[in-house]
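So the structure is just underneath, and the comments pick up after that.
The values are calculated or read from the model by the stated rules, or taken from the named source; none is laboratory data. Just so it is clear, the structure is predicted and the values come from calculations on it, not from any experiment. Glycine gets a Cβ as well: all are built from the backbone with ideal geometry, and neighbour counts include every protein chain shown.
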Amino acid sequence: MLIDSHVHLQDKKFARDLDRVLDRAEDAGVERMICVGDKTESSRRAIAMAKRYPRLLATVGVHPHYDALFTPKTLFELEALARDPSVVAIGEIGLDYHYPNYNAERQIECFVAQARLAGRRKLPLVIHCRDAYDDLLRVIREDDRIPRHGVMHCYSGDYEQARALLDEGYYLGIGGAVTYPNADVLRDVVRRVGLERIVSETDGPYLPPQIKRGRRNEPSYMKHVIKTLADLTDLSYQDAARITKANAIKLFGLPDRLDPSAVYSIRNKLYVGVTNRCPNECYFCQRHHDYIVMGHFLKLDREPSAEEVIERIDAPTQYGEIVLSGLGEPTLRWDVCLELARRLKELGARVRLNTSGLGSLLNGRDITAEMAGRFDAVAINMVAHDRETYNRIAKPGDPDRSWDAMLEFARNCKKTVPEVMMTIVAVPEVDVEECRRLAEDDMQVRLRVREWEGRPSEG
């Protein structure tokens with residue numbers, strides 16, 4: 001299911017056939033649409049439509065093209081409109097220096113006033129920016145009253161500007177433009193940043209995808225955007241749809257519920273969340289944020305039994321690998337891990353364990369011998385390059401023994417598991433090259449480095 005995070009259904013181009021447009025959207029899997037205001041009148045119409053159609057939500061704001069219409073009375077009216085429960089953001093607001101005779105000072109004044117309104121109302125921003133990213137970033141950085149929560153609608157900047165905006169806390173809105181032949185820079189941005197902070201949009205009736213050029217854009221066309229996003233990031237269509245939907249739910253605080261996932265797929269791999277408990281408290285772990293990884297909500301209602309997991313896995317051999325992982329330390333339920341691995345191997349699956357490497361310490365015995373014949377691979381979170389840094393980042397329950405126990409576990413796994421890999425997240429405190437030397441030279445195992453972008457990730 002999809003969420004169109006930016007559409008102008010109140011535009012007169014939809015007046016004659018809106019119900020049919022909404023029916024086509026439903027048939028295409030679009031379950032929610034955010035109807036975006038660009039003037040006070042269109043904002044009122046967006047709210048009215050959201051009241052009429054349960055699948056619609058609204059935003060209110062004045063677009064930079066209409067800065068001449070913005071007055072103190074306008075701000076007062078927007079503040080009143082923003083109190084409506086259907087309103088989920090302030091926008092479309094921003095800066096646009098594309099056309100001649102623009103008034104940068106006036107646009108900045110209007111943007112700041114509305115952005116501060118979003119701060120007062122605790123709402124995210126929907127920001128329009130064209131040929132003005134340097135000024136926009138400067139204004140945001142100079143004003144603490146502008147929320148660092150929102151989306152850069154119809155993103156059109158380069159990678160460096162995207163990185164700066166992501167670092168400030170914003171999402172990128174990607175629509176039909178990503179499919180255009182001349183959009184190489186935008187496609188490069190998507191490839192490099194991935195989908196973890198991208199929401200999908202149509203901007204209908206404007207900017208239809210390339211395959212629909214010359215037609216009025218509408219929410220049902222968003223499937224073409226999702227397909228392109230999936231192709232650019234080497235994900236499946238379902239992955240891209242799920243991730244962008246979860247991002248929109250987080251961004252706008254939507255009422256949609258993300259169901260807990262004990263068994264979940266990413267690309268061609270299937271993951272099993274055995275527990276959310278963990279002896280380590282790494283600050284980069286998504287458990288300390290929102291439990292959402294690649295669009296999956298991994299906070300368990302309860303810990304599943306081996307039998308419940310097996311019942312939920314259809315045709316195990318269809319996956320390149322089945323990974324006992326999730327947001328927690330699976331070896332805390334070692335009996336369940338062994339039973340799962342045994343059953344999955346009997347069914348012909350390749351099985352991997354993702355672990356902190358503290359399984360032997362936690363279970364009071366060397367468990368690596370029990371892995372023989374049941375696990376094809378193990379990935380061990382090294383965390384850091386030395387004991388001191390490890391203890392500072394991981395905050396293990398047993399700081400005196402955990403570092404040595406993790407290294408010993410890795411060495412013992414080499415005797416019983418065909419493939420052993422160490423992993424780290426490249427947070428600032430970690431010496432990546434020293435980790436590489438320790439893993440590859442001293443221990444003779446591969447090191448996988450996950451980049452750190454200043455936000456939690458799967459532990």
Within the range 246-265, is even one residue among the β-branched types (Val, Ile, Thr) and closer than 20 Å to His128 by Cβ? no
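Yes or no, residue by residue, for (1) assigned to a helix (DSSP H, G or I); (2) among the charged types (D, E, K, R); (3) more than 13 Å from Phe375 (Cβ to Cβ):
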site	(1), (2), (3)
Arg302	no, yes, yes
Thr317	yes, no, yes
Thr331	yes, no, no
Asp335	yes, yes, yes
Ala341	yes, no, no
Ala349	no, no, no
Within the range 371-380, can one find any residue that is assigned by TED's automatic domain parsing to the domain that holds Ser325 and within 30 Å of Leu166 (Cα to Cα)? yes
What single numbered condition from (1) assigned to a loop (DSSP other than H, G, I, E, B); (2) exposed (fewer than 14 other Cβ atoms within 10 Å of the Cβ); (3) more than 33 Å from the chain's Cα centre (by Cα) fails to hold for Pro428? (3)
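Within the range 83-105, does at least one residue satisfy the condition of being acidic (Asp, Glu), farther than 23 Å from Leu137 by Cβ and within 30 Å of the chain's Cα centre (by Cα)?
Yes - at least one qualifying residue is present in the range 83-105.
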Within the range 400-422, identify whether any single residue is touching a residue at least 24 places away in the same chain (Cβ under 8 Å), surrounded by 16 or more Cβ atoms within 10 Å (Cβ to Cβ), of a type in the set (Ser, Thr, Tyr) and touching a Lys or Arg at 6+ places or on another chain (Cβ under 8 Å), and answer yes or no. no
With Gly320, Gly373, Gly326 as the choices, which residue is within 23 Å of Val263 (Cα to Cα), over 30 Å from the mean Cα position of the chain (by Cα) and not charged (D, E, K, R)? Gly373
Would you be able to say whether some residue in the range 436-445 is in the same structural domain as Cys278 (by TED's automatic domain parsing), within 17 Å of Leu332 (Cβ to Cβ) and in a helix (DSSP H, G or I)? no
Do we have Ala384 as part of a loop (DSSP other than H, G, I, E, B), at pLDDT 95 or above and closer than 30 Å to Glu168 by Cβ here? yes
Restricting attention to the range 446-456, does a residue exist that is without any contact (Cβ under 8 Å) to a residue 60 or more places away in the chain, out of contact with any Leu (no Cβ under 6 Å at 6 or more places or on another chain), closer than 20 Å to Arg287 by Cα and small (Gly, Ala, Ser)? no
Within the range 245-291, considering residues that are small (Gly, Ala, Ser) and part of a helix (DSSP H, G or I), the one farthest from Ala394 (Cα to Cα): Ala248
Look at Thr74 and say whether it is touching a residue at least 24 places away in the same chain (Cβ under 8 Å), under 30 Å from Gly157 (Cα atoms), crowded, with 23+ Cβ neighbours inside 10 Å and assigned by TED's automatic domain parsing to the domain that holds Ile34. no
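Step by step: first the residues of the range 414-425, then only those that are touching a Leu at 6+ places or on another chain (Cβ under 9 Å) and either assigned to a helix (DSSP H, G or I) or β-branched (Val, Ile, Thr) (or both), then the one that is nearest to Cys285 (Cα to Cα). Which residue is that?
Ile424
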Just to be sure before I move on: is Leu340 closer than 26 Å to Arg392 by Cβ, touching a residue at least 60 places away in the same chain (Cβ under 8 Å) and over 23 Å from the mean Cα position of the chain (by Cα) in the structure I sent? no
Looking at Glu92, is it buried (at least 24 other Cβ atoms within 10 Å of the Cβ), of a type in the set (D, E, K, R) and in contact (Cβ under 8 Å) with a residue 12 or more places away in the chain? yes
So Lys223 fits all but one of (1) outside any loop (DSSP other than H, G, I, E, B); (2) farther than 18 Å from Ile34 by Cβ; (3) charged (D, E, K, R); what number is the exception? (2)
Hey, among the residues in the range 351-366 that are within 26 Å of Phe284 (Cβ to Cβ) and part of a loop (DSSP other than H, G, I, E, B), which one's farthest from the chain's Cα centre (by Cα)? Leu358
Could you tell me which numbered condition Val274 fails, if it satisfies all but one of (1) in the same structural domain as Trp334 (by TED's automatic domain parsing); (2) of a type in the set (Val, Ile, Thr); (3) within 15 Å of the chain's Cα centre (by Cα)? (3)
Within the range 53-60, is there a residue that is surrounded by 15 or more Cβ atoms within 10 Å (Cβ to Cβ), over 30 Å from Val112 (Cα atoms), assigned by TED's automatic domain parsing to the domain that holds Arg215 and in contact (Cβ under 8 Å) with a residue 60 or more places away in the chain? no
